[in-house]
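Data block below; observations after.
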Amino acid sequence: MAKAVKKAVVVEETIVKKIIFLRDEKIMLDVHLAELYGVETRVLKQAVRRNRSNFPDDFMFELTEEEIETVVSQNVIPHKKFLGGSTPFGFTETGVAMLSSVLKSASAREMNIAIMRTFIALRKVAANYKEIMQIVTEMRNQYDTNFTQIFNALEQLINPPQEPRKRIGFKPDDI
């Protein structure tokens, strides 16, 4: 029993690492889904193309060149060559759910269930962050200014700054 729970946690962690944020959506790339399903990427894409009517634009889309560069720069994929020369598909949560109707193997169905559970868990975590922020805001309004620094620190932990930080470490004089 403990072995099954440990395996489920490892699978969930693997799935979470493959979910990216693009076009204001949580998506998964075809290469990552193919890896999880244990099929070649071209096989997954071929199945999707044969059933294109099942995948409207809000379920699945092709990445633009700019989005591919973004995905490479964020180390989601190691290099453009990793894609094998084809434009990757991005699948939203509903698109991943629709894949279960296209990929018929038992292992694909099991992996699909695990992926859907992971998306649901991420949604719950996001809801918890909103609740925490609401509590912090209420406390800030309730208590005096002595706690301002504490509230600012909590806010930064919950919502880290978006701009990149200055690099630290050795810097040659001529730079």
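The values are calculated or read from the model by the stated rules, or taken from the named source; none is laboratory data. Only a predicted model underlies this, so the values are computations on that prediction, with no experimental measurement involved. Note that we place each Cβ from the backbone using ideal geometry, even for glycine, and neighbour counts take in every protein chain shown.
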Inset, instruction - With the condition kept exactly as written, say whether any residue in region 76-98 is loosely packed, with under 15 Cβ neighbours inside 10 Å, of a type in the set (A, V, I, L, M, F, W, C) and modelled with pLDDT under 85. - result: yes
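For (1) in a loop (DSSP other than H, G, I, E, B); (2) touching a residue at least 40 places away in the same chain (Cβ under 8 Å), each residue gets a yes or a no:
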| position | (1), (2) |
| --- | --- |
| 39 | yes, yes |
| 46 | no, no |
| 53 | no, no |
| 86 | yes, yes |
| 90 | no, yes |
| 114 | no, yes |
| 122 | no, yes |
| 129 | no, no |
Inset, instruction - Name the single residue, out of those in region 15-68 being within 13 Å of residue 87 (Cβ to Cβ) and touching an Asp or Glu at 6+ places or on another chain (Cβ under 7 Å), that is modelled with the highest pLDDT. - result: 45
Legend entry - Hits in region 17-34 - residues which are in a helix (DSSP H, G or I) and crowded, with 16+ Cβ neighbours inside 10 Å: 18, 30, 31, 32, 33, 34
